[in-house]
Amino acid sequence: MALKSKGVTMRLLGQMAALLLGLGFALGLGGCECTSKLGEYRVVVKLSDAGFEADSPSMQVDLVGVTPTERQQLEAYDVSKYFSADDAFRAGLLADGPNKVRIARTFRAGGERSYELVLNRRDPMFQAWDQRGVRALVVLADLARVSPGSQPSLWRGTLSLDKCDWGNRKELPPVEISPGRVTVPAPPEKK
């Protein structure tokens, strides 16, 4: 009789251990995971306060909403070629209407120095970007006339727009364009 109750007790302990292990697995791995999605943010792209004189030449600045695949393509693309007058790649990035992919601006030290992009789920552009799977914003600045001799690869920066990277923030740190480079903030480290 003692053997029978010991067997029942061992079986119950085994079942409880399996249940607790399964519950711990579900909570530990599944509960902390984030599903990638486009966040609703206020993003400011601006010229740095230093380095640009009032008579500095104007520059083209493009903000491009990209999917992970498009991000790889655009990060590998030659920025000097991108801003050339006859570049088919840049021309192919839709810049008008609610389905636009590219937002084109002209910055100048004595004129427009910043642009504010507000990503809001009620905005048709946000809805189009979300439907396409946009998860990042690539900022490209044509710094050839402003900073001759600088490396074109530094004229581009990529800002994550993924909610998993920024959490519940509504405003992201600014993207800053200085002579010779685009500086993009990194998301906070995950705990």
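Quick notes
- Surrounding net charge for A85, when Lys and Arg each add one and Asp and Glu each subtract one, Cβ distance under 14 Å: 0
- Residue order for T35, T158, T67, fewest other beta carbons within 10 angstrom first, comes to T35, T67, T158.
- Taking the fewest neighbouring Cβ atoms within 10 Å as the starting point, the ordered list for E112, E70, E53 is E53, E112, E70.
- For the range 149-191, applying the loop criterion from DSSP together with a ceiling of 15 other beta carbons within 10 Å to the GluC sites (Glu not before Pro) yields E189.
- Packing-based exposure ordering (other Cβ within 10 Å, fewest first) of L38, L94, L137: L94, L38, L137
A short reminder: the numbers here are calculations on the coordinates, not readings from a lab. Being a predicted model, the structure only gives us computed values, none of them experimental. Note: ideal-geometry Cβ built from the backbone for every residue, glycine included; neighbour counts use all protein chains shown.
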